[in-house]
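Have a look at the structure below before the remarks.
Every number here is computed from the coordinates shown, using simple stated rules; none is lab data. All figures in this text were calculated on a predicted structure; none of them were measured in a lab. Glycine also receives a Cβ, built like all others from the backbone with ideal geometry; neighbour counts cover every protein chain displayed.
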Amino acid sequence: MKKLFLTLCGGLHLFGAAAQKAATITVDVAKPEARVAKSLHGIFFEEISHGGEGGLYAELIQNRGFEESRIPQGVQLKNGWLVPDPSPHWFLNGKPSDWRMPWEIKSDWPSWKLRSTGQSAIDISLTQEKPLNAATPRSLKVAVGKVDPAGKHELVNEGFWGINVVEGDAYLLNFYARTGADYKGGVTVSLQGKEGKILAANTFKSISSGEWKKYSCKLTATAGDPKAEFVISFNNTGTAYIDFVSLFPEKTFKGRKNGMREDLAVLLADMKPAFLRWPGGCFVEGITIESAPNWKQSIGPVEKREGTYSPWGYWASNGFGYHEYLQFCEDIHADAMYVFNVGIACEMRSGTFEGEAKVPGLIADVLDAIEYAIGPANSKWGRVRAANGHPKPFPLKYLEIGNEQHGVEYAKRYNQFYDAIKKKYPQLQLIASMGIGDINRNTLDSMHKVDIADEHAYKAAWWSFTHNDHFDRYKRGAYEVYVGEYATNNGVGAGNMLASLSDAAYIFSMERNGDLVTMSSYAPLFENVNTRHWPVNLINFDCARAFGRISYYLVKMMNDYRADQNYATNTVLTAEDNPAPLFNGGIGLATWDTQTDYKDIQVIKDGKVVYQSDLAGKKGEWASVIGKWNVTDSVISMKDEGAQRFITLKDQSFDTYTLKLKARRNSGYNAFIIGFGVKDKETMYRAHIGSWVNQNCVFESVTNGFNVSDVSTQKRLPAPIETGRWYDITLEVGKDKVDCYLDGKLLMSYTEPNKFLAIAGRDEQSGDILVKMINAKSSAMEVAIELKGAGAAGKEAQQLVLSAPGPNEENSLEEPKKYIPVTVQINNINKIAAPPYSVSVVRIKDPAWKK
Ligand code: AHR
């Protein structure tokens, strides 16, 4: 916090020194534009990266039912791979797909182990004999051959990469046991810290019983350890059977039984999300149709819930089931959005599906789910809800018909579900899925009626600046848009300040188009840092700590300060006398799985050749960075396979110039990649001619050496680059624009996008005028806000600033709040500091405003 404040002061301080680039934002209060829906900022939970199991769901024992080495339904284990049964794929005209996925689970009892020392003899195995119940068919057989009073005979669970035991806190343990006639003793259960330190323990004198019995106790920790283990120690020889071992912190969010981890739940509640989308994502779809989730298996006693295999490669216990989800929505005052499967498994995976005949049954199942959530307490499923402790209806408001499905056939299913649900529950809002990208015209046109269409947007750094008009161009009035999943997740590390600036530009474009985009949710929400399944995730945690990435604070800030009514806003940037060239830096040559020759490289500045390759005389001028380049007297060649092979011209830097060269593709997948604005070996821009398997061309930016993101839109080449032919390439590198010519013809252009953006509107609750601005530049800006038609407004203002000293900065487990918003009092709205790499909300009091 302190550091941030200093950063900001640094920015302010700069204003006193040299003249700053400036912006004037004029807000015309007399010109209302789009309204912004209260539902705009929601959240989306999916069981990915252990977001629930070992995350939000507070259970501390991993693999509590000993079911996690079970092979999911609809697949077979073959040589370490899960291979779907050969059923037709939804899209492959009756043919099965050849998709398969690695089976990562190597132990029969993941997360459990034996610890035996001294003379003790103890052995474990899985058994399906006499199961506890049908949902947990396996149990652990523990055979204790010898007990050594001085040794250990322990069954240990490591939790989810540790168990966070806090001194003074209580933990509620439940487990089931039965024994063979030969086991006459009891067990000691304990939480153990480093080197076996006992943090809490309890002894059950006898567990001797031929039938399953439940054992419960409260373990209160006399000392803490953030990475403790749970241990069952056997004190008798003989055979014991153990199943469904569950340990919860007594303190859960709102004290709920079978509840949520408090710190993570509080982070979500603090976002004040309008709604919560659940349970996926791909999770809804399943790897096969047989293994897709079934809500009816996620309610009732936890030990009777069959798990669901998450497409992200692990079992979910369904402890965070449909009831807990609805309860959690109520607890955080969010509307519920339930996403259900329409009988189609993930098309990127097996794509197996239920035939038409099964659709009525699937519809009936969804109607049951709705009745469970909002039906009267005397209805069939409302009664079950009441029996589960919640007679009143839950806040279910939205249903999404499938996840990321698209196409005409999906549209037919959508129509069936839509009609049936609307007939019985006209008050519910139904959402159509649109595949993995933008609105899908083909899908849309085949649907009878679309209220809300769900577009997904995972984008590269800067995309939202270069495409800030994305939603401006949508047709109005036909449907509303829900951006169900969005994030900048390419070229931004694991979620840094650059990601947040790009996310902010995206959010600005949604808010500005509030008449069209009425709902959004960042994705994914959670990542257990021990098991990341997706490149960038909003909230990261381990078993003891958690932090919101900078984008977490951004989304929260945008929601805390959401305008209800947008105003016409015009931003004028003061032209700089002599702006610094943006692409200054070195030049380089690259390939990607392609064998290419380059030669006759020239850099021309103001009509003069300032560099001319002389490979015969000065081979050493070029330095291989990635891969082994071959520099002969006449050409620079890459002959190998491999991504991102790169060679650079050593120690030379240019600002505005013309780069000319010849290039020949000899074999491989793509064609030519020319680096410019090379800041260091890992950071540069590139013109890629022959991207997408020699079909397209595009400008790219590279960060961290391998992180490539498109900064322009991929454009079709007039024709693929021919093999064996020399081409002339020219790059005209200007101050903020680059033109790329192929054989003398303009192929593509790139202009650096405007990196200062602003929107404005009114929060009708407080009456404040909110001016939001992004300064994504590396230098501070002085900003003047001019209010038109707002009389006395402007005397009192505050600025909330989220900034970092550089684009690569991130929060972390060690410094969770390094970059969070700070509040600054504003004395003069005509002179506001927008620090480099910052997003700000300026709140301006308007004493004259009346609701
Ligand atoms: O958020 C991660 C995944 O991205 C979701 O499961 C899926 O809907 C999308 O493709």
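Remarks
- Evaluated at q = 0.21, 0.30, 0.32 Å⁻¹, a Debye calculation over the C-alpha positions of segment 273-314 (equal weights, vacuum) places log10 I(q)/I(0) at -0.73, -1.05, -1.10.
- Taking a straight Cα-Cα cut-off under 27 Å and skipping sequence neighbours fewer than 8 places away in the same chain, the lysines within cross-link reach of Lys392 are Lys38, Lys251, Lys254, Lys257, Lys272, Lys296, Lys304, Lys380, Lys422, Lys423, Lys424.
- Dividing the mean sequence gap of close Cα pairs (under 8 Å, 6+ apart) by how many residues segment 166-305 holds gives a relative contact order of 28 percent.
- Rounded to the nearest Hz, the phi-derived 3J(HN,Hα) couplings of segment 705-722 under the Karplus curve 6.51 cos²θ - 1.76 cosθ + 1.60 (θ = phi - 60°) are x, 10, 7, 9, 9, 6, 9, 10, 7, 4, 10, 5, 6, x, 7, x, 5, 6, where x marks glycine and proline.
- Debye log10 I(q)/I(0) for segment 576-701, one point scatterer per Cα, at q = 0.10, 0.14, 0.15, 0.17 Å⁻¹: -0.29, -0.58, -0.66, -0.85
- Here's the picture: charge each Lys and Arg Cβ at +1 and each Asp and Glu Cβ at -1 in the chain, and of Leu800, Asn378, Ile820 the one pushed furthest to the positive end of that dipole is Asn378.
- Cα-derived Rg to Rh of segment 470-510, Kirkwood definition: 1.07
- Three semi-axes describe the equivalent ellipsoid of segment 716-851; taken as square roots of 5 times the Cα gyration tensor eigenvalues and ordered largest first, they are 44, 20, 13 Å.
- Between the residues Pro88, Ile48, Phe160, the greatest Cα displacement towards the positive end of the dipole of segment 28-167, with unit charges on the Cβ of Lys, Arg, Asp and Glu, is found for Pro88.
- Of the GluC sites (Glu not before Pro) in segment 108-161, the ones in a loop by DSSP (not H, G, I, E or B) with at most 12 other beta carbons within 10 Å are Glu129.
- Among 826-837, 378-389, the peptide with the highest mean count of other Cβ atoms within 10 Å heads the list, and the full ranking is 826-837, 378-389.
- Using the Karplus relation 6.51 cos²θ - 1.76 cosθ + 1.60 with θ = phi - 60°, the per-residue 3J(HN,Hα) values for segment 168-183 come to x, 7, 10, 10, 9, 10, 9, 8, 10, 8, 9, 9, x, 4, 7, 9 Hz, with x marking Gly and Pro.
- A Cβ-based charge dipole, computed about the Cα centre of segment 220-283 with Lys and Arg at +1 and Asp and Glu at -1, lands at about 360 debye.
- Annotation: amide H-H contacts under 5 Å for Phe160 (H modelled 1.01 Å from N, sequence separation of 5 or more, or interchain): Gln62.
- Peptides 841-847, 444-450, 768-774 ranked from most to least packed, by the mean per-residue count of other Cβ atoms within 10 Å: 768-774, 841-847, 444-450.
- Magnitude of the charge dipole, the chain, Cβ model with Lys/Arg +1 and Asp/Glu -1, debye to 20: 780
- Between 0 and 90°, nearest 10: helix 359-374 axis offset from the chain longest Cα axis: 80
- Segment 679-728 and segment 415-493 have Cα centres lying 30 Å from one another.
- Bridge type composition, the chain - antiparallel percent by DSSP, nearest 5: 80
- Stretch gain in nm, segment Trp99-Ala357, where the contour uses 0.36 nm per residue and the Cα spacing is subtracted: 90.3 nm
- Cα-based convex hull volume of segment 359-424 per residue, rounded to whole Å³: 88
- Bridgeable lysines around Lys817 (alpha carbons under 18 Å apart, same-chain partners fewer than 8 residues away excluded): Lys2, Lys3, Lys556.
- Net charge of neighbours whose Cβ lies under 12 Å from the Cβ of Lys735, counting Lys and Arg as +1 and Asp and Glu as -1: -4
- Listed by chain and number, the lysines whose C-alpha is less than 17 Å from the C-alpha of Lys146, apart from same-chain residues fewer than 8 away, are Lys184.
- Segment 515-624 - percent relative contact order, Cα under 8 Å, separation 6 or more: 10
- Between 0 and 90°, nearest 10: helix 322-331 axis offset from the chain longest Cα axis: 60
- Helix-only CD estimate at 222 nm, as mean residue ellipticity for the chain, using -39500 (n - 2.57) per DSSP H run (n ≥ 4): -4000 deg cm²/dmol
- Rounded to whole Hz, the Karplus (6.51, -1.76, 1.60) HN-Hα couplings of segment 815-828, x for glycine and proline: 10, x, 10, 4, 10, 9, x, 10, 9, 10, 6, 10, 8, 8
- Between helix 408-424 and the chain: long-axis angle, C-alpha atoms, 0 to 90°, nearest 10: 60
- Toward the positive end of the charge dipole of segment 650-782, with +1 on the Cβ of Lys and Arg and -1 on the Cβ of Asp and Glu, the farthest Cα among Pro720, Met781, Gly767 is that of Pro720.
- Values of log10 I(q)/I(0), in the order q = 0.04, 0.05, 0.09, 0.10 Å⁻¹, for the chain under a Debye, Cα-only, solvent-free model: -0.21, -0.33, -1.02, -1.19
- With contacts taken as Cα pairs under 8 Å at a separation of at least 6 residues, segment 445-524 carries a relative contact order of 39 percent.
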